[in-house]
Structures are given as structure tokens and as C-alpha cells.
Amino acid sequence: PNGEIFSANPTSSRMFGWSEDELRKIGRNGLFVIDERAKAAIREIETNDQTKAELTFNCKDGSTIEGELISTLFR
């Protein structure tokens with residue numbers, strides 16, 4: 001719920017340009033654009049422990065891409 005990223009697969013690192021360590025450091029708020037879609041996905045994670053949503057992601061080079069987030073909260 002606090003936005004930590006614990007792991008990232010090599011494909012996501014290549015897509016966004018961030019290493020796995022960098023993704024862990026920037027967390028959720030650095031990786032995706034916090035707009036209404038992201039806020040709804042965050043609320044869903046907090047309520048249901050999982051979400052699947054279309055979001056805008058930040059890339060290391062400053063560009064953004066549209067993508068699908070599938071996330072599960074581990075307790």
C-alpha cells in the first residue's frame with residue numbers, strides 16, 4: 001500500500017529504461033503518472049489486494065508509455 005516495488009522482471013526494466021534497483025528506489029509514484037486512473041488502481045489494491053489497470057508509465061528518458069498494470073499486494 002505504500003508504493004514500494006519489491007521486484008521487477010527484466011522486460012519491464014528494458015521497457016522503462018530503469019534497472020530493477022532503480023525501480024525499487026523510485027517506487028510506484030516514480031513509475032506511473034498519478035492521475036485518476038492510477039488513484040483508482042491504488043484504491044483497488046488497498047481494498048481488494050490486487051488490481052488490473054491501464055496506466056501511464058514514466059520512462060527513465062522522460063517519455064511516457066501507456067501500459068497495463070497487474071499488481072497483487074503481499075501481506
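The values are calculated or read from the model by the stated rules, or taken from the named source; none is laboratory data. Source: prediction; values computed, not measured. Counting neighbours? That spans all protein chains shown, and the Cβs are built from the backbone with ideal geometry, glycine included. These accessible areas exclude ligands, DNA and RNA; they are computed on the full protein's heavy atoms, side chains included. Shrake-Rupley method; radii C 1.70, N 1.55, O 1.52, S 1.80 Å.
When S13 is tested against (1) modelled with pLDDT of 90 or more; (2) open to solvent by less than 50 Å² (accessible area, probe 1.4 Å); (3) farther than 15 Å from G67 by Cα; (4) not aliphatic (A, V, I, L, M), just one condition goes unmet, and that condition is (3).
Among the residues of the stretch 40-58, is any part of a loop (DSSP other than H, G, I, E, B) and among the β-branched types (V, I, T)? Please lay out each step first, then the result.
Taking the stretch 40-58 and keeping what is part of a loop (DSSP other than H, G, I, E, B), we get 49.
Pick out the ones that are also among the β-branched types (V, I, T) and you get none.
For the stretch 40-58, residues part of a loop (DSSP other than H, G, I, E, B) and among the β-branched types (V, I, T): absent.
Within this structure, R28 fails the test of being without any contact (Cβ under 8 Å) to a residue 24 or more places away in the chain, open to solvent by 20 Å² or more (accessible area, probe 1.4 Å) and either closer than 17 Å to A8 by Cβ or in a helix (DSSP H, G or I) (or both). Considering the stretch 31-75, the residues that are surrounded by 14 or more Cβ atoms within 10 Å (Cβ to Cβ) and small (G, A, S) include one that is modelled with the lowest pLDDT, namely S71. Cβ-Cβ contacts under 6 Å between residues 6 or more apart (or on different chains), taken from a first residue in the stretch 1-25 that is on the phi > 0 side of the Ramachandran plot and without any contact (Cβ under 8 Å) to a residue 60 or more places away in the chain to a second residue that is surrounded by 11 or more Cβ atoms within 10 Å (Cβ to Cβ) and of a type in the set (K, R), are listed as G3/R28; G17/K60.
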